[in-house]
Number of protein chains: 2
Amino acid sequence: MQTAGFQFELLHVDRNSGARLARLTTPRGVIDLPTFMPVGTCGTVKGLTYDQVEKIGAQITLGNTYHLALRPGADVVEAMGGLHKFIGWSKPILTDSGGFQLFSLAKISKIRESGATFQSHIDGRKLELTPEKSVEIQEQLGSDIAMVLDHVIGLPADRNAILDACERSIRWAGRCQNAHRRSDQIQFAIVQGGLDADLRKWCAGELTAMEFPGYAIGGLSVGEEPAEMYRIISATTPCLPVDKPRYLMGVGRPQDLLEGIARGIDMFDCVMPTRNGRNASAFTDQGELNLRNKCHQLDPQPVQADVLTDWSHLSRAYLRHLFKAGEMLGPILLSLHNLAYYMGLMRQAREAIAHDSFLEFYQERMAGWGEPAPFNRPC
Amino acid sequence: MQTAGFQFELLHVDRNSGARLARLTTPRGVIDLPTFMPVGTCGTVKGLTYDQVEKIGAQITLGNTYHLALRPGADVVEAMGGLHKFIGWSKPILTDSGGFQLFSLAKISKIRESGATFQSHIDGRKLELTPEKSVEIQEQLGSDIAMVLDHVIGLPADRNAILDACERSIRWAGRCQNAHRRSDQIQFAIVQGGLDADLRKWCAGELTAMEFPGYAIGGLSVGEEPAEMYRIISATTPCLPVDKPRYLMGVGRPQDLLEGIARGIDMFDCVMPTRNGRNASAFTDQGELNLRNKCHQLDPQPVQADVLTDWSHLSRAYLRHLFKAGEMLGPILLSLHNLAYYMGLMRQAREAIAHDSFLEFYQERMAGWGEPAPFNRPC
């Protein structure tokens, strides 16, 4: 499929790590990499307006094929002019393929070579998702970056099951590539292979040969130890083309993002900033704060002074009050803070890479978070 | 009590009704009258940031003494620099006195001449609220306009009970006046008297003689027929001084606002815009829309094209999707729309009064809402 208006530029690789400064140009705007993509599962970044999301610096957001296909339906979104117009976000959108939700959400999901049959988690309707159907839905949604349908399995699993799912994911990637029609959308392939480094490398090689415009690492952050995830990232990124963007799906905590960047990852997404924000947990350079705690009752400090949002002059005492009173504004303000924190972290990471000081930045943040720093010189 | 920096100016009275164009200047800003005051019960206009509330044109918001005194506590708010700083709203704030909540919310409220004892609706703590305590709390909160503590009773009630509560409200108003200390805060008295026009007139006369800087009509919108409420407003406003602001407490629907304005009311507050917004009900010039309805599934129209918010380009179809999916953004967007609708209605009313065309404006809106128009020439 010929596509137009997309360009990936690798601007600089950090002298002391695998961290990459890059730029992905799309018809709907430029994305400075590394980037974090706020998750708009059902066509909304939970609790926020898209102009708030834009104002804190997001250059791309996510939409979920599985959720949007079930409700309101891809036909509805298409009839309303596509996902961008429907939700009021004019910058790039990445849609996942539904593969992860088949694994995590759908009731009685059954995978065959043709595709997956499953029951909707909303109303129990029986539905089918094939690679071709996933492509079709994502083209109806009109996202800028579409993901291939992959076969995600739970970990731990035995090698044969992982191999089987991995091989199927490769075959399905090919079917997605063949089904692709929109010239204003690019497809990313997804590397699977569980926690088996050799399988990951093989899978990455197979998919690289198919020449996708971008590559994702999927099937991680499903319960394994962080160190295991980092090991797999370290094994995989060297097997991916240097001149294509790399996306680590569904990850993660701030420390996971820096570990990923150090290993050459360019793109991340995770519900954690908004989910934790709804639960009164604030990300800061000194680690997470629980704003329900009594110690914040008379605390005049902002959550973190240099994380700027329209409300960053407000105190932890006010935030605590909102959460204790069960007011919607608590989750709203803290979701926005946490996303702004993530966007700021990515901006700082890009600056550090440009100055070959990513390792110093990494060490400073990890120390602030009270994290042991397992990373020295990956890959 | 000498106060400084407050001024009420009556700019124009509509030729064909009692509608008044006026201006209330306070140390924290000018309020163009008639005005609607968004309600921030617990120090937040539910679901919205205060910068959103300001952006749609609000010039004053409300805070609730009863709620804030229970949680987070007036001491906490005072220690954090007062309510304005605590919530991040620099324009004027009006605080009610707690009288209405003693009637509507508190468990086992017992009124004596000294004050009210009641149990907190939050944790069952036994507390006392006297006129002096209400003044003290409102001075701790640091509102610009404070309300006197009044004795609100349910309707219907017999004349003796209404008279008793009315007389007590007058005595309590005097005690509030005596207890008042802050020169940067003015107090409004509250006219009570149930649905008895003579009692209302008498109460208004007694309070007028006490020379408060502003007057409210309380104890309405508690279940009586709208026509009864309008009758009492018509009986009361002529007995209030023309050179002081008049505030109809807790009212109401858009039609109630226009009926109130026609009878010389300057200020309103009500939770309806945000409460209805949270329940998918949108105010428009054609009446209320329920955005959960199937008819909006593919409706590309905005809720109302000329009610401008940061998201007013979004479709009814998207709003419906958000409500069907149980997403926070539905209540957020519709609360903002409804408040913007109310603010726009007040702006249009002011323009109409300035041009002596309030009656035409009133008739046009009432026709749009499908309301019979009981008002001809009030007072």
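The values are calculated or read from the model by the stated rules, or taken from the named source; none is laboratory data. Bear in mind that the values here come from a model prediction, so they are computed numbers and not experimental data. Quick reminder, even Gly has a Cβ in these numbers, built from the backbone with ideal geometry, and neighbours come from all protein chains shown. Accessible surface is based on the protein model in full, side chains and every heavy atom, while ligands, DNA and RNA are left aside. Shrake-Rupley method; radii C 1.70, N 1.55, O 1.52, S 1.80 Å.
Any residue that is open to solvent by less than 20 Å² (accessible area, probe 1.4 Å) and in contact with a Cys (Cβ under 8 Å, 6 or more places away or on another chain) - is there at least one of those in the stretch A:364-372? No, the stretch A:364-372 contains no residue that is open to solvent by less than 20 Å² (accessible area, probe 1.4 Å) and in contact with a Cys (Cβ under 8 Å, 6 or more places away or on another chain).
For the stretch A:50-80, the candidate set comprises residues that are among the β-branched types (Val, Ile, Thr) and open to solvent by less than 10 Å² (accessible area, probe 1.4 Å); within that set, the residue that is nearest to the other protein chains (Cβ to nearest Cβ) is A:77. Close contacts from the stretch B:363-378, counting a first residue that is at pLDDT 95 or above and a second that is of a type outside the set (A, V, I, L, M) and open to solvent by 60 Å² or more (accessible area, probe 1.4 Å), with Cβ to Cβ under 8 Å and a gap of 6+ residues or different chains, come to B:366/B:372; B:368/B:286; B:369/B:286.
Taken together, B:83, B:33 contain a single residue that is open to solvent by less than 20 Å² (accessible area, probe 1.4 Å) and within 14 Å of chain A (Cβ to nearest Cβ), which is B:83.
Residue B:335 fulfils the conditions (1) closer than 18 Å to residue B:253 by Cα; (2) open to solvent by 10 Å² or more (accessible area, probe 1.4 Å) except for a single criterion, (2).
Residues considered: B:216, B:146, B:204, B:189. Of these, the only one that is surrounded by 22 or more Cβ atoms within 10 Å (Cβ to Cβ) and assigned to a helix (DSSP H, G or I) is B:204. Per the listing A:134, A:90, the residue uniquely open to solvent by less than 40 Å² (accessible area, probe 1.4 Å), under 23 Å from the mean Cα position of the chain (by Cα) and among the small types (Gly, Ala, Ser) is A:134. Return the total of residues in the stretch A:149-186 being open to solvent by less than 10 Å² (accessible area, probe 1.4 Å), of a type in the set (A, V, I, L, M, F, W, C) and touching a helix residue (DSSP H, G or I) at 6+ places or on another chain (Cβ under 8 Å). Residues meeting the conditions: 5. In the set (1) in a loop (DSSP other than H, G, I, E, B); (2) out of contact with any helix residue (DSSP H, G or I) (no Cβ under 6 Å at 6 or more places or on another chain); (3) modelled with pLDDT under 95, residue B:128 fails one condition alone, (1).
When the residues of the stretch B:226-247 are filtered to those that are of a type in the set (D, E, K, R) and in contact with a helix residue (DSSP H, G or I) (Cβ under 9 Å, 6 or more places away or on another chain), the one that is least open to solvent (accessible area, probe 1.4 Å) is B:246. Residues of the stretch B:36-47 being out of contact with any strand residue (DSSP E or B) (no Cβ under 9 Å at 6 or more places or on another chain) and either surrounded by fewer than 17 Cβ atoms within 10 Å (Cβ to Cβ) or not hydroxyl-bearing (Ser, Thr, Tyr) (or both), which ones? Within the stretch B:36-47, B:47 is the sole residue that qualifies. For the stretch B:89-111, filtering for residues that are out of contact with any helix residue (DSSP H, G or I) (no Cβ under 8 Å at 6 or more places or on another chain), at pLDDT below 95 and not in a helix (DSSP H, G or I) leaves 3. Scanning the stretch A:253-279 for residues that are open to solvent by less than 10 Å² (accessible area, probe 1.4 Å), in contact with a helix residue (DSSP H, G or I) (Cβ under 7 Å, 6 or more places away or on another chain) and outside any helix (DSSP H, G or I) gives A:264, A:265, A:268.
Every residue, every condition in (1) in a loop (DSSP other than H, G, I, E, B); (2) open to solvent by less than 70 Å² (accessible area, probe 1.4 Å); (3) within 14 Å of another protein chain (Cβ to nearest Cβ); (4) under 23 Å from residue B:22 (Cα atoms), yes or no:
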{"site": "B:300", "(1), (2), (3), (4)": "yes, no, yes, no"}
{"site": "B:313", "(1), (2), (3), (4)": "yes, no, yes, no"}
{"site": "B:356", "(1), (2), (3), (4)": "yes, yes, no, yes"}
{"site": "B:359", "(1), (2), (3), (4)": "no, yes, no, yes"}
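Yes or no: the stretch A:203-222 includes at least one residue that is within 19 Å of the chain's Cα centre (by Cα) and farther than 30 Å from residue A:12 by Cβ. Within the stretch A:203-222, one or more residues are within 19 Å of the chain's Cα centre (by Cα) and farther than 30 Å from residue A:12 by Cβ. Residues satisfying the criterion are absent from the stretch B:337-349 (criterion: within 11 Å of chain A (Cβ to nearest Cβ), under 15 Å from residue B:280 (Cα atoms) and within 22 Å of the chain's Cα centre (by Cα)). Within the stretch B:130-169, the set of residues being among the β-branched types (Val, Ile, Thr) and within 23 Å of residue B:63 (Cα to Cα) comprises B:130, B:135, B:137, B:145, B:148, B:152, B:153. State yes or no: is residue A:172 part of a helix (DSSP H, G or I), closer than 24 Å to residue A:3 by Cβ and aromatic (Phe, Trp, Tyr)? Considered against the rule, which asks whether it is part of a helix (DSSP H, G or I), closer than 24 Å to residue A:3 by Cβ and aromatic (Phe, Trp, Tyr), residue A:172 comes out as yes.
Looking across the stretch A:280-312, just one residue is under 24 Å from the mean Cα position of the chain (by Cα) and aromatic (Phe, Trp, Tyr), and that is A:283. Can you find even one residue in the stretch A:276-290 that is within 14 Å of chain B (Cβ to nearest Cβ) and in contact (Cβ under 8 Å) with a residue 60 or more places away in the chain? Yes - at least one qualifying residue is present in the stretch A:276-290.
Would you mention how many residues in the stretch B:9-23 are more than 26 Å from residue B:363 (Cβ to Cβ) and either crowded, with 21+ Cβ neighbours inside 10 Å or among the aliphatic types (A, V, I, L, M) (or both)? Going through the stretch B:9-23 one residue at a time, the tally reaches 0. Note on the stretch B:315-330: among residues that are surrounded by 24 or more Cβ atoms within 10 Å (Cβ to Cβ) and closer than 17 Å to residue A:329 by Cα, the one that is farthest from the other protein chains (Cβ to nearest Cβ) is B:330.
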